[in-house]
1. Looking only at the chain, where both bridge partners belong to it, what percent of the DSSP beta bridges are antiparallel (to the nearest 5)?
2. Could you compute the longest span of the chain free of GluC sites (Glu not before Pro) located in DSSP loops and having at most 15 other Cβ atoms within 10 Å, not counting the site residues?
3. Tell me, what ³J(HN,Hα) does each residue in the range 72-79 have, in order and in whole Hz, if you take phi through Karplus 6.51 cos²θ - 1.76 cosθ + 1.60 with θ = phi - 60° and put x for Gly and Pro?
4. Taking a cut-off of 17 Å between Cα atoms, list the aspartates and glutamates near LYS81, but don't count ones fewer than 8 places away on the same chain.
5. From the phi angles alone, apply the Karplus equation (6.51, -1.76, 1.60; θ = phi - 60°) to the range 116-129 and give each ³J(HN,Hα) in whole Hz, x where the residue is Gly or Pro.
6. Can you give me the angle between helix 199-210 and the longest principal axis of the chain, using Cα atoms only, in degrees from 0 to 90, rounded to the nearest 10?
7. Would you work out what percent of the accessible area of the chain, with all protein chains in place, is carbon or sulfur (probe 1.4 Å)?
8. Out of PHE104, PHE66, PHE26, any idea which swings most in a Gaussian network model of the chain, alpha carbons joined below 10 Å?
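The values are calculated or read from the model by the stated rules, or taken from the named source; none is laboratory data. Note that the structure is a prediction, hence the values are computed from the model and not measured. Using ideal geometry, Cβ is built from the backbone for each residue, glycine included, and neighbour counts are taken over all protein chains shown. We work out accessible area using only protein heavy atoms, side chains counted, and drop any ligands, DNA or RNA first. Shrake-Rupley method; radii C 1.70, N 1.55, O 1.52, S 1.80 Å.
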Amino acid sequence: VLISDLQKLGMEKMPQSFPSGPVAEFKLVDVAGRDVPNWTVEGARSHRVIYQTRYPDRLLVEIRGFNTPAASREVTLSLGKKVVERKTVQVPASGAATVAFEGFDVPPGSNPGEVRISPADGLPADDSFHFVLERREPYRLLFLRESAEGRELYYFRSALAAEPDTPFVIDARTPAEAGTIRLKDYAMVILSNIAEAPPSLISGLQDFVKQGGGMLVTLGNHSP
């Protein structure tokens with residue numbers, strides 16, 4: 001007895017022949033039933049983690065119809081229990097359409113997201129798609145350089161800012177200014193071509209690294 005909905009895609013993946021052996025009777029049970037028009041949310045392409053209040057890109061949602069006439073569907077994006085935005089999209093007959101959501105705010109922490117289409121059809125289980133969007137605080141970096149030097153900071157900041165949603169925030173100071181700074185508030189300290197560091201800063205950096213903090217040292221014309 002073979003029980004199947006006989007979808008073509010599924011049949012293509014089946015072995016070419018059944019296991020050998022005596023078969024007294026073969027019975028096919030088709031459970032497909034009638035072709036019910038079905039609109040579905042095939043997926044949502046989004047960043048998994050962001051580091052700023054506003055979503056930095058476009059969240060793309062694909063809507064697809066199976067055995068469906070051309071129709072419009074309302075697409076709702078929600079984060080947590082709050083509706084972010086609603087849009088209407090025209091879906092071609094048995095075709096697909098893409099909806100873009102952008103420029104919306106994301107609360108801090110882990111946010112359960114949902115994309116839902118309406119009105120519901122005869123197969124409502126696939127009328128929604130669930131995902132998680134997490135907003136984290138960016139990593140703080142302490143950039144120490146000589147007061148007269150600005151090029152290193154410019155290039156370092158430009159390199160990290162090349163990513164639209166950079167996970168880093170740079171706090172630029174001189175070594176003299178860093179003596180009273182709480183290093184544990186930073187993920188990493190960059191010593192960029194500095195001539196000397198106060199003893200209190202050196203002691204603080206030793207403890208900082210021992211406790212797992214990151215440090216990058218770049219040498220240049222001021223380095224002893």
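1. 65 percent
2. 26-195
3. Karplus values, whole Hz, x for Gly and Pro: 9, 9, 8, 10, 10, 9, 10, 10.
4. ASP105, GLU114, GLU134
5. Residue by residue, the range 116-129 yields 10, 10, 8, x, 5, 10, x, 10, x, 4, 9, 7, 9, 9 Hz.
6. Between the helix axis and the principal axis of the chain, the angle is about 30 degrees.
7. Of all accessible area on the chain, carbon and sulfur atoms account for 53 percent.
8. Highest fluctuation of the listed residues: PHE26.
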